[in-house]
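Report on one structure; see the data block that follows.
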Amino acid sequence: MYKVIFVCLGNICRSPTAEGVFRAQVERAGLSGQIEIDSAGTASWHIGKSPDTRAQAAAAARGYDLSSLRGRQVAVVDFSRFDFVLAMDEDNQANLLAICPSEHRHKVRLFLSFSEQWTGQAVPDPYYGGAEGFDQVLDMVEDASRGLLNTIRAEISRKA
Ligand code: 4NP
(Lines give C-alpha, C1' and ligand atoms only; values in the text may rest on other atoms or scores of the structure.)
Protein backbone atom coordinates (compact mmCIF):
# COMPACT_ATOMS: atom_id res chain seq x y z
CA MET A 1 0.00 0.00 0.00
CA TYR A 2 1.29 3.47 -0.94
CA LYS A 3 -0.10 6.30 1.12
CA VAL A 4 -0.21 9.86 -0.15
CA ILE A 5 -1.35 13.00 1.67
CA PHE A 6 -1.65 16.39 -0.04
CA VAL A 7 -1.18 19.42 2.18
CA CYS A 8 -2.01 23.11 1.70
CA LEU A 9 -2.90 25.91 4.12
CA GLY A 10 -6.67 25.67 4.53
CA ASN A 11 -7.50 22.22 3.08
CA ILE A 12 -10.42 23.78 1.20
CA CYS A 13 -8.88 24.74 -2.18
CA ARG A 14 -5.62 23.18 -3.40
CA SER A 15 -5.19 19.97 -1.42
CA PRO A 16 -8.80 18.73 -1.79
CA THR A 17 -8.45 19.45 -5.52
CA ALA A 18 -5.29 17.32 -5.57
CA GLU A 19 -7.03 14.58 -3.59
CA GLY A 20 -9.96 14.47 -6.04
CA VAL A 21 -7.85 14.61 -9.19
CA PHE A 22 -5.28 12.05 -8.03
CA ARG A 23 -8.04 9.70 -6.80
CA ALA A 24 -9.71 9.84 -10.23
CA GLN A 25 -6.41 9.06 -11.99
CA VAL A 26 -5.67 6.20 -9.58
CA GLU A 27 -9.16 4.75 -10.15
CA ARG A 28 -8.74 5.02 -13.92
CA ALA A 29 -5.41 3.19 -13.62
CA GLY A 30 -7.09 0.41 -11.59
CA LEU A 31 -4.81 1.03 -8.61
CA SER A 32 -7.36 2.09 -5.97
CA GLY A 33 -6.58 -1.02 -3.92
CA GLN A 34 -2.90 -0.11 -3.75
CA ILE A 35 -2.85 3.64 -3.20
CA GLU A 36 -4.46 5.43 -0.26
CA ILE A 37 -5.11 9.18 -0.65
CA ASP A 38 -5.92 11.95 1.83
CA SER A 39 -5.49 15.71 2.25
CA ALA A 40 -5.05 18.15 5.14
CA GLY A 41 -4.27 21.77 5.93
CA THR A 42 -1.51 23.23 8.07
CA ALA A 43 -4.08 25.65 9.57
CA SER A 44 -7.12 24.78 11.69
CA TRP A 45 -9.60 27.38 10.34
CA HIS A 46 -11.58 25.09 8.07
CA ILE A 47 -11.75 21.83 10.03
CA GLY A 48 -14.94 19.97 9.06
CA LYS A 49 -15.70 22.32 6.14
CA SER A 50 -16.48 21.33 2.56
CA PRO A 51 -14.08 22.48 -0.15
CA ASP A 52 -14.47 26.11 -1.28
CA THR A 53 -17.45 26.38 -3.68
CA ARG A 54 -15.15 27.86 -6.37
CA ALA A 55 -12.78 24.87 -6.10
CA GLN A 56 -15.75 22.49 -6.28
CA ALA A 57 -17.16 24.27 -9.35
CA ALA A 58 -13.85 24.33 -11.22
CA ALA A 59 -13.26 20.65 -10.42
CA ALA A 60 -16.81 19.64 -11.39
CA ALA A 61 -16.32 21.33 -14.78
CA ARG A 62 -13.54 18.78 -15.40
CA GLY A 63 -15.51 15.85 -14.00
CA TYR A 64 -14.13 15.70 -10.43
CA ASP A 65 -16.54 15.57 -7.49
CA LEU A 66 -15.05 17.14 -4.34
CA SER A 67 -18.36 17.48 -2.47
CA SER A 68 -17.82 14.67 0.04
CA LEU A 69 -14.42 15.94 1.24
CA ARG A 70 -14.09 17.69 4.62
CA GLY A 71 -11.26 19.83 5.95
CA ARG A 72 -8.87 18.57 8.56
CA GLN A 73 -5.59 19.76 10.04
CA VAL A 74 -2.38 17.85 9.50
CA ALA A 75 -1.15 15.97 12.59
CA VAL A 76 2.28 14.66 13.60
CA VAL A 77 1.00 11.08 13.25
CA ASP A 78 0.49 11.75 9.51
CA PHE A 79 4.26 11.68 8.98
CA SER A 80 4.47 8.05 10.06
CA ARG A 81 1.16 7.07 8.49
CA PHE A 82 1.92 8.37 4.97
CA ASP A 83 4.75 7.62 2.50
CA PHE A 84 4.38 10.86 0.52
CA VAL A 85 3.57 14.14 2.30
CA LEU A 86 3.16 16.57 -0.59
CA ALA A 87 3.10 20.32 0.04
CA MET A 88 1.48 22.74 -2.37
CA ASP A 89 3.91 25.59 -1.70
CA GLU A 90 7.10 26.43 0.18
CA ASP A 91 5.23 27.87 3.16
CA ASN A 92 3.27 24.65 3.56
CA GLN A 93 6.51 22.68 3.21
CA ALA A 94 8.29 24.80 5.86
CA ASN A 95 5.33 24.46 8.24
CA LEU A 96 5.35 20.69 7.74
CA LEU A 97 9.10 20.38 8.27
CA ALA A 98 8.78 22.43 11.48
CA ILE A 99 6.70 19.64 13.07
CA CYS A 100 8.07 16.60 11.19
CA PRO A 101 10.03 13.96 13.16
CA SER A 102 13.56 13.71 11.72
CA GLU A 103 13.16 10.12 10.47
CA HIS A 104 10.28 11.17 8.20
CA ARG A 105 11.65 14.39 6.70
CA HIS A 106 12.46 12.71 3.37
CA LYS A 107 8.71 12.18 2.80
CA VAL A 108 7.96 15.91 2.73
CA ARG A 109 8.23 17.23 -0.83
CA LEU A 110 6.73 19.88 -3.05
CA PHE A 111 3.92 18.28 -5.06
CA LEU A 112 5.06 20.02 -8.26
CA SER A 113 8.40 18.18 -8.07
CA PHE A 114 6.39 15.42 -9.81
CA SER A 115 5.17 17.79 -12.52
CA GLU A 116 6.60 17.93 -16.05
CA GLN A 117 5.69 21.53 -16.79
CA TRP A 118 6.02 23.19 -13.39
CA THR A 119 8.89 21.43 -11.63
CA GLY A 120 10.46 23.69 -9.04
CA GLN A 121 7.36 25.84 -8.76
CA ALA A 122 4.53 26.06 -6.22
CA VAL A 123 0.77 25.72 -6.64
CA PRO A 124 -0.33 29.34 -6.00
CA ASP A 125 -2.97 29.96 -3.34
CA PRO A 126 -6.19 30.77 -5.30
CA TYR A 127 -8.24 31.82 -2.25
CA TYR A 128 -8.07 35.60 -2.68
CA GLY A 129 -8.12 35.63 -6.48
CA GLY A 130 -10.56 34.97 -9.31
CA ALA A 131 -11.91 31.84 -10.99
CA GLU A 132 -8.88 31.54 -13.30
CA GLY A 133 -6.72 30.77 -10.26
CA PHE A 134 -8.75 27.62 -9.63
CA ASP A 135 -8.28 26.50 -13.24
CA GLN A 136 -4.55 27.09 -12.92
CA VAL A 137 -4.55 24.90 -9.78
CA LEU A 138 -6.29 22.15 -11.76
CA ASP A 139 -3.81 22.39 -14.65
CA MET A 140 -0.87 22.04 -12.26
CA VAL A 141 -2.48 19.32 -10.15
CA GLU A 142 -3.46 17.20 -13.16
CA ASP A 143 0.11 17.35 -14.51
CA ALA A 144 1.79 16.58 -11.17
CA SER A 145 -0.71 13.79 -10.46
CA ARG A 146 0.32 12.04 -13.69
CA GLY A 147 3.96 12.23 -12.62
CA LEU A 148 3.21 10.98 -9.12
CA LEU A 149 1.16 8.09 -10.50
CA ASN A 150 4.01 7.13 -12.86
CA THR A 151 6.48 7.21 -9.96
CA ILE A 152 4.31 4.97 -7.78
CA ARG A 153 3.50 2.68 -10.71
CA ALA A 154 7.24 2.22 -11.35
CA GLU A 155 7.75 1.40 -7.65
CA ILE A 156 4.93 -1.16 -7.75
CA SER A 157 6.36 -2.97 -10.78
CA ARG A 158 9.92 -2.78 -9.40
CA LYS A 159 8.74 -4.62 -6.29
CA ALA A 160 6.54 -7.12 -8.18
P1 4NP B 1 -5.90 26.42 0.38
O2 4NP B 1 -6.45 27.92 0.23
O3 4NP B 1 -4.70 26.49 1.28
O4 4NP B 1 -5.55 26.03 -1.02
O5 4NP B 1 -7.04 25.60 0.97
C6 4NP B 1 -6.77 28.75 1.31
C7 4NP B 1 -7.95 28.56 1.97
C8 4NP B 1 -8.29 29.41 3.01
C9 4NP B 1 -7.44 30.43 3.37
C10 4NP B 1 -6.24 30.61 2.70
C11 4NP B 1 -5.91 29.75 1.67
N12 4NP B 1 -7.80 31.33 4.41
O13 4NP B 1 -7.08 32.33 4.62
O14 4NP B 1 -8.83 31.10 5.08
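Taking a label point 7 Å from the Cα of Asp135 along the Cα→Cβ vector, which residues of region 1-31 have an amide N closer than 14 Å to it?
It comes to no residues whatsoever.
So what is the relative contact order of the chain, in percent, for Cα pairs below 8 Å that sit 6 or more residues apart?
27 percent
Once you have a ≥ b ≥ c as the square roots of the Cα gyration tensor eigenvalues for region 68-160, tell me rounded if a/c is under 1.5, and otherwise prolate or oblate according to whether a/b is larger than b/c.
oblate
Mean Kyte-Doolittle hydropathy of -0.5 or higher plus an axial Cα length of 27 Å or more: which whole DSSP H helices in the chain meet both? Don't skip to the end; give the middle numbers.
Numbers: long enough: 131-159 (42 Å, -0.33).
Membrane-span-like by this criterion, though nothing is claimed about a membrane: 131-159.
Mind telling me which of Ala122, Ala40, Ala61 comes out most flexible in a GNM of the chain, alpha-carbon contacts under 10 Å?
With Cα springs under 10 Å in the chain, the top fluctuation among Ala122, Ala40, Ala61 is at Ala61.
Highest GNM mean-square fluctuation, the chain, Cα pairs closer than 10 Å: which of Leu110, Leu31, Leu69?
Leu31
Given a 1.4 Å probe and every protein chain left where it sits, what share in percent of the accessible area of region 1-99 is carbon and sulfur?
C and S fraction of accessible area: 50 percent.
How far apart, in nanometres, would the label points at Arg158 and Glu103 be if each is projected 7 angstrom from Cα along the Cα-to-Cβ direction?
Each label point lies 7 Å from its Cα, and together they span 2.2 nm.
Between Thr17, Thr42, Thr119, find the one with the highest GNM mean-square fluctuation for the chain; connect C-alpha pairs within less than 10 Å.
For the chain, modelled as a Gaussian network with Cα springs under 10 Å, the answer is Thr119.
Once you mark the chymotrypsin sites (Phe, Trp or Tyr not before Pro) that are in a DSSP loop and have at most 16 other Cβ atoms within 10 Å, what is the longest gap between them in the chain?
46-126
By the gyration tensor of its Cα atoms, with a ≥ b ≥ c the square roots of the eigenvalues, what is the shape of region 1-95: rounded for a/c under 1.5, prolate for a/b over b/c, or oblate?
Judged from the Cα gyration tensor, region 1-95 comes out oblate (a/c at least 1.5, b/c at or above a/b).
Quick one: divide the alpha-carbon radius of gyration of the chain by 2.2 N^0.38 Å and tell me what you get.
Relative to the rule-of-thumb radius for its length, the chain sits at 0.95.
With every protein chain present, what is the per residue accessible area of region 73-160 (1.4 Å probe, Å²)?
52 Å²
The values are calculated or read from the model by the stated rules, or taken from the named source; none is laboratory data. Everything numeric here is computed off the predicted structure, so don't read it as measured data. Glycine also receives a Cβ, built like all others from the backbone with ideal geometry; neighbour counts cover every protein chain displayed. Accessible surface is based on the protein model in full, side chains and every heavy atom, while ligands, DNA and RNA are left aside. Shrake-Rupley method; radii C 1.70, N 1.55, O 1.52, S 1.80 Å.
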